[in-house]
Amino acid sequence: MSMMVQRYGLIGCGMMGREHVRNLQLLPDTAVTAIADPDPEQRALDLELVPGAVVTGDHKALLDRDDVDVVIVASPNHVHRTALADVFTARPRPVLIEKPLAATVDDAAWIASRAAAWPAPVWTAMEYRYMPPVAALLDALGDGTAGRVRMLTIREHRFPFLDKVGHWNRFNHLTGGTLVEKCCHFFDLMRLILADEPVRVFASGALDVNYQDERYADGVPDVIDNAYVIVEFARGARAMLELCMFAEGAWWQEEIQAIGDRGRVTARVPGPARFWPGGVERAGEVEIALRSPKGPVTRTIDVDPAVLHAGDHHGSTYFQHQRFQRTVRDGTPVEVSAADGLAAVVMGAAAERSARTGMPVTIAEVAA
């Protein structure tokens, strides 16, 4: 094998881990050489996907291998800290950590502090930044198209959580809650788009429709399936999230609308083709609506079908890995740090607390 090949090892390789693998397989000079997962069923599926990889139930064995140059942590949220405690005591390697950074603020803060001292890149996998329609929105806002953004709305109308190993994504204590597990992406985008820090969160949410008849050894599912969240930022901008996880019939899964003093930029992203009738891929779009001259202009954003087929996140996992590889190989700056991952967990935890108590929650009281 050429020394130029970047060799990846995955800790945790369930549904999201295999999406990482499929996208890495599209990149040149890249190989998945080792996978660690404690679940025998998942290991069998992993071997089908990467027949040449060494597959083990022990992540410490993976970390001892000489044929792993880069580590991806894609295990369930609540065991990230356990895995990373071993990663950060093994030989230094670049690390990509699947979102959210952890299920609790304490664990996320611990990870972020270790990552800051780690002598290799540590990247939090906030792939929604890299959805092509979202990237086009970010470019337009960066060019000043909308002026100074004062209002930001993110709407996600999607399918319920999929069934995962041990049903871990049904429970707040294992996920951090839906507003951490799912919505850390959107809180990350809020900070990125507004280039500012949040100060206060108000949320209203509930579990109203999904998982009503499900019962597990851990009890009854308690993750919320719909919410509104308003976030106030230090320089006066406001952002709102509207989440509904029983709206998979919508044409657009995500709509992101940034409004500034010059105009409005909107990104629209369809959901995964495998959940749409006929399995048909749909293009995204970006709309620019200026105050002057009036009249919105809409641009279709096409993505290579091979990239779309490799995952459920509209190509973003592939483009994220391209950028991460550039950091690993060329030393370009990490674009989504563990500190960014921590900030998104704090925002999600504040929103979860607000939804439970019915009261506004400051970021300072959650981050303390």
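Given the chain, what count of lysine pairs have C-alpha atoms under 28 Å apart, with each pair 8 or more places apart or on different chains?
On the way: Lys60/Lys99; Lys60/Lys164; Lys99/Lys164; Lys99/Lys182; Lys164/Lys182.
Lysine pairs, 8 or more places apart or on different chains, close enough: 5.
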So Arg323 and Glu365, fully extended at 0.36 nm per residue minus their Cα-Cα distance, gain in nm 11.7 nm
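Equivalent ellipsoid semi-axes for the range 60-137, as square roots of 5 times the alpha carbon gyration tensor eigenvalues: give them largest first, rounded to whole Å.
On the way: eigenvalues 103, 51, 27 Å².
The answer is 23, 16, 12 Å, longest axis first.
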Among Ala344, Leu45, Val223, whose Cα sits farthest toward the positive end of the charge dipole of the chain (+1 at Cβ of Lys/Arg, -1 at Cβ of Asp/Glu, about the Cα centre)? Ala344
Taking max minus min of the Cα coordinates of the range 262-315 on each principal axis, largest first, gives extents in Å of 40, 19, 13
Kindly give Rg over Rh for the range 132-274, based on alpha-carbon atoms, with the Kirkwood expression for the hydrodynamic radius. 1.01
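Over the range 285-353, what is the relative contact order in percent, taking alpha-carbon pairs closer than 8 angstrom and at least six residues apart? Display every interim value, and only then the final one.
Working: 30 pairs, mean separation 9.8, N = 69.
Across the range 285-353, relative contact order equals 14 percent.
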Quick one: go through the range 79-117 and flag any residue whose amide nitrogen is under 13 Å from the point 7 Å out along the Cα-to-Cβ line of Asp218. 79-80, 103-104
Write down the Kirkwood hydrodynamic radius of the range 170-220, to one decimal in angstroms, obtained as one divided by the mean of 1/r over all alpha carbon pairs. 13.3 Å
If one computes the Cα centroid of the range 194-240 and of the range 315-368, what distance in Å separates the two points? 15 Å
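Local charge sum around Leu45 (other residues, Cβ-Cβ under 11 Å, Lys/Arg +1, Asp/Glu -1)?
Working: positive: Arg18, Arg43; negative: Asp37, Asp39, Glu41, Asp46, Glu48.
Net of charged neighbours comes to -3.
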Taking the alpha-carbon centre of each part, the distance from the range 267-311 to the range 1-31 in Å is 27 Å
Within the range 178-248, which GluC sites (Glu not before Pro) sit in a loop by DSSP and count at most 15 neighbouring Cβ atoms inside 10 Å? Glu214, Glu248
What's the magnitude of the charge dipole for the chain around its Cα centre, counting Lys and Arg as +1 and Asp and Glu as -1 at the beta-carbon? Answer in Debye, nearest 20. 1020 debye
Work out the charge dipole of the chain with +1 on the Cβ of Lys and Arg and -1 on the Cβ of Asp and Glu about the Cα centre, then indicate which of Val105, Gly144, Val280 is farthest towards its positive end. Gly144
Any idea what angle helix 132-142 forms with the longest principal axis of the chain, computed on alpha-carbon atoms, 0 to 90 degrees, nearest 10? 50 degrees
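At a threshold of 8 angstrom on Cα-Cα distance, excluding pairs fewer than six apart, so keeping six or more, what relative contact order does the chain reach in percent?
On the way: 788 pairs, mean separation 75.6, N = 368.
About 21 percent, as a whole number.
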Percent relative contact order for the range 85-208, counting Cα pairs under 8 Å at least six residues apart, stands at 29 percent
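What's the Cα-based Rg to Rh of the range 19-72, Rh via Kirkwood?
So for the range 19-72, dividing Rg by the Kirkwood Rh gives 0.94.
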At 0.36 nm per residue, and after removing the present C-alpha to C-alpha distance, how many nm does the segment from Met4 to Thr357 gain when stretched out fully? 121.7 nm
Grab the Cα-Cα distance for Trp276 and Met15, subtract it from 0.36 nm times how many residues apart they are, and report the gain in nm with one decimal. 92.1 nm
Relative counts (whole %) of C-alpha pair distances in the range 38-173, using bins that are 5 Å wide: 2, 8, 14, 17, 17, 15, 13, 8, 4, 3, 0
Kirkwood Rh and Cα-based Rg: tell me the resulting Rg over Rh for the range 1-93, rounded to two decimals. 0.93
³J(HN,Hα) across the range 311-323 via Karplus (A = 6.51, B = -1.76, C = 1.60, θ = phi - 60°), whole Hz, x for Gly/Pro? x, 9, 10, 6, x, 5, 5, 4, 5, 4, 5, 4, 5
Placing +1 on the Cβ of each Lys and Arg and -1 on the Cβ of each Asp and Glu in the chain, which of Ser292, Val180, Phe319 has its Cα farthest towards the positive end of the resulting dipole? Ser292
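If you place +1 on the Cβ of every Lys and Arg, -1 on the Cβ of every Asp and Glu, and leave all else neutral, what size is the dipole of the range 60-167 about its Cα centre, to the nearest 20 Debye? Write down the numbers at each step before the final one.
Values: 13 positive and 13 negative charges, 66 e Å.
Dipole about the Cα centre, nearest 20: 320 debye.
Is there a quick way to get the dipole size of the range 180-232? I mean about its Cα centre, with the Cβ of Lys and Arg at +1 and of Asp and Glu at -1; what is the value in debye to the nearest 20? Mind showing how you got there, number by number?
Details: 4 positive and 11 negative charges, 29 e Å.
Roughly 140 debye for the range 180-232.
None of the figures in this text is laboratory data; all of them are computed from the coordinates on show. None of these values were measured; they are calculated from a predicted model. Virtual Cβ from ideal backbone geometry, glycine too; neighbours counted across all protein chains shown.
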